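Okay, structure first, notes after.
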Amino acid sequence: EAAVTQSPRSKVAVTGGKVTLSCHQTNNHDYMYWYRQDTGHGLRLIHYSYVADSTEKGDIPDGYKASRPSQENFSLILELASLSQTAVYFCASRGTGDAEQFFGPGTRLTVL
Amino acid sequence: GDQVEQSPSALSLHEGTGSALRCNFTTTMRAVQWFQQNSRGSLINLFYLASGTKENGRLKSTFNSKESYSTLHIRDAQLEDSGTYFCAAAYTGYQNFYFGKGTSLTVIP
């Protein structure tokens, strides 16, 4: 089964600070995704990537950047963290074609 | 608007009983994936369907692309089935998935 890990698992950040969330997958998947989940809601797509050194905007990209330096690694960057970015962030990976997503354990981010 | 509508939003079941969760889609989807989010917040893969029906133990899922819906049936519910169930679906020709808002399931002893 796909192995997707995330670090850190939780983080407290200050408003205006920079936050980097990291994701690593070991299954040779081309697609990687960053989602956020707010209490009582489903997941919403922030950024995704289908190849190293390239990222694409998802449905809610404002305030976030992404970086895909290698096939295995995908980072989410909050340059100026804001209170509204308090959420749980999930990373996922998926193979090409007709394939399911596999999720990491999530990172709980609290911005104070 | 929401491309994926899940119902019900919340559901209580007594142990040993069953029910169905449903996702309706506002457009043609090529695939659907069902997840359980457990009490620790982890997303557990249940099913991935491009068509038809799949079954795994006490769970069964059906995807009807033409009629734009998918269902997840739970039978003989157990306490460990409690959690939030999400469906996610992808458009034809599109690589990304849209999530429903989930069904919160509570299994009562």
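Gyration tensor analysis over the Cα atoms of the protein assembly as shown returns equivalent ellipsoid semi-axes of 29, 20, 15 Å (largest first, whole Å). So for region A:1-61, considering every pair of alpha-carbon atoms, how many percent are separated by more than 17 Å? More than 17 Å apart: 53 percent of the Cα pairs in region A:1-61.
Of the trypsin sites (Lys or Arg not before Pro) found in region A:5-74, those in coil by DSSP whose Cβ has at most 15 other Cβ atoms within 10 Å are A:Arg9, A:Lys18. For A:Ser84, the shell of other residues with beta-carbons less than 15 Å away shows a net charge of -1, using +1 for Lys and Arg and -1 for Asp and Glu. Rounded to the nearest 20, the size of the Cβ-charge dipole of the protein assembly as shown about its Cα centre is 260 debye, with Lys and Arg at +1 and Asp and Glu at -1. Residue-wise HN-Hα couplings along region B:10-25, as the Karplus relation 6.51 cos²θ - 1.76 cosθ + 1.60 with θ = phi - 60° gives them from phi, are 8, 8, 10, 10, 7, 3, x, 9, x, 6, 10, 10, 9, 10, 10, 10 Hz; Gly and Pro carry x. Translational diffusion coefficient of chain A (Stokes-Einstein, Kirkwood radius from Cα pairs, 4 °C, 1.567 mPa s): 94 µm²/s.
Close amide H partners of A:Thr55, meaning residues 5 or more places away or on another chain with modelled amide H under 5 Å apart, do not exist here. The distance separating the Cα centre of region B:17-59 from that of region A:1-80 comes to 24 Å. Other residues lying with their Cβ under 15 Å from the Cβ of B:Ile108 contribute a combined charge of -4, Lys and Arg counting +1, Asp and Glu -1. Once the mean of 1/r is taken over each pair of separate Cα atoms and inverted, region B:18-72 shows a Kirkwood hydrodynamic radius of 11.8 Å. As a size descriptor, the averaged projected area of the C-alpha convex hull of region B:1-42 was calculated at 4.4 nm². Compute the whole-percent fraction of alpha carbon pairs in chain B spaced more than 19 Å apart. The share of Cα pairs beyond 19 Å in chain B comes to 39 percent.
Laboratory data are not the source of any read-out in this text; all were calculated from the coordinates shown. What you see is a predicted model; the values in this text were computed from it and never measured. Here Cβ is always computed from backbone atoms with ideal geometry, including for glycine, and neighbour counts include all displayed protein chains.
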